[in-house]
Amino acid sequence: MGLVTKKPNMKLNLTRPLAFIDLETTGLNVASDRIMEICILKVNVDNAIEVKTMRINPEMPISKESSTITGILDSDVKDCKTFKQVAAELAQFIGNADIAGYNSNKFDVPVLVEEFLRAELDFDLSNRKLIDVQNIFHIMEPRTLAAAYKFYCDKKIQNAHNAEADIKATYEVFLAQLDRYADKQFEDAKGNLHTPVKNDMNILSELSTKTKNADLAGRIVFNEKGVEVFAFGKHKDKPVTEVFEKEPSYYNWIMNGDFPLYTKKIITQIRLLMRKT
């Protein structure tokens, strides 16, 4: 863990810490692939920065594609601790922080929660704000992380696809976004004008969220009435409770299928609430 003493150009307006998280994984399947490297850059309320980087034994082979991109081989992590062995330490480091990252809402956060659940540690997201720098970027300037870093910071990422290099670049891009779009209006699909990028984690969390998911993988979402509905398959857009009432076996099919543990946790909670009413 290292402490970054350099003062950022912009001071974040924080009421609690904000943890930027980047993962390098054995593949891209949220439910089955595992973390082999993690970096957490935590910005404390006083804007002091702490960085924790770890290589992790994923307890499964690393895909050829992932090794090609990251440069991490099975031999590089075979003697590292497993996620279960470091889970408590990582959870303690993150603490009560809100979570940020690049494509983090869609990938890094779901994968991290899956790992915590495998380690039998319930990493609670219910009171955390999730801020996805990529979603803000794609709304305002659709491009990749490397292009974002060049565009906003006029720099080239050194050691791209290294967790620490990527997350530090993400942090700098985030600060530059707040500065660049402080007074810029955005026109939504209905023609309404907004000034969505403010130094406020509540506003940025709303901007980062493309859809309101009930789970992390986006298999279950809230409709306009705030009801959990399926976002896939033959029951797409149907309320979860309605499907379980008419076809109880669908619950078992999901629980026995290749779905993320967190998705299964959410549908189980819905099913238990049905039994109480």
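Results, tabulated for the structure shown:
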item: Selected residue [assigned by TED's automatic domain parsing to the domain that holds ILE99, loosely packed, with under 14 Cβ neighbours inside 10 Å and assigned to a loop (DSSP other than H, G, I, E, B)] from GLY233, GLY191, GLY226; result: GLY191
item: Hits in region 223-242 - residues which are over 22 Å from ASP258 (Cα atoms) and hydrophobic (A, V, I, L, M, F, W, C); result: VAL227
item: Subset of region 75-105 that is touching a helix residue (DSSP H, G or I) at 6+ places or on another chain (Cβ under 8 Å) and not hydrophobic (A, V, I, L, M, F, W, C) - its residue that is surrounded by the most Cβ atoms within 10 Å (Cβ to Cβ); result: GLY101
item: One residue from VAL229, VAL243 being within 22 Å of the chain's Cα centre (by Cα) and over 22 Å from SER32 (Cβ atoms); result: VAL229
item: Whichever residue in region 196-221 is among the basic types (Lys, Arg) and over 16 Å from PHE186 (Cα atoms) and, among such residues, is surrounded by the most Cβ atoms within 10 Å (Cβ to Cβ); result: ARG219
item: Selection within region 210-263 - touching a helix residue (DSSP H, G or I) at 6+ places or on another chain (Cβ under 7 Å), without any contact (Cβ under 8 Å) to a residue 24 or more places away in the chain and not hydrophobic (A, V, I, L, M, F, W, C); result: HIS235, TYR250, TYR251
item: Candidates VAL173, VAL133 - the one that is closer than 19 Å to LEU204 by Cβ and touching a strand residue (DSSP E or B) at 6+ places or on another chain (Cβ under 9 Å); result: VAL133
item: Sole exception among (1) touching a residue at least 24 places away in the same chain (Cβ under 8 Å); (2) within 22 Å of ASP200 (Cα to Cα) for ASP46, by number; result: (1)
item: In region 130-148, residue nearest to PRO110 (Cα to Cα) [restricted to those that are in a strand (DSSP E or B) and aliphatic (A, V, I, L, M)]; result: LEU130
item: Hey, THR241 among the hydroxyl-bearing types (Ser, Thr, Tyr), in the same structural domain as ARG271 (by TED's automatic domain parsing) and surrounded by fewer than 19 Cβ atoms within 10 Å (Cβ to Cβ) or not; result: yes
item: Answer from SER63, SER75 - the residue that is among the small types (Gly, Ala, Ser) and without any contact (Cβ under 8 Å) to a residue 12 or more places away in the chain; result: SER75
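Here is a yes/no grid of residues against (1) part of a strand (DSSP E or B); (2) surrounded by 21 or more Cβ atoms within 10 Å (Cβ to Cβ); (3) in contact with a Pro (Cβ under 9 Å, 6 or more places away or on another chain); (4) assigned by TED's automatic domain parsing to the domain that holds VAL51:
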site: ASP108; (1), (2), (3), (4): no, yes, no, yes
site: ARG128; (1), (2), (3), (4): no, no, no, yes
site: LYS150; (1), (2), (3), (4): no, no, no, yes
site: ILE157; (1), (2), (3), (4): no, no, no, yes
site: TYR171; (1), (2), (3), (4): no, yes, yes, yes
site: PHE174; (1), (2), (3), (4): no, yes, no, yes
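The values are calculated or read from the model by the stated rules, or taken from the named source; none is laboratory data. Computed from a predicted structure; not experimentally measured. A quick note on method: Cβ atoms are made from the backbone with ideal geometry, for glycine too, and the neighbour counts reach across all protein chains shown.
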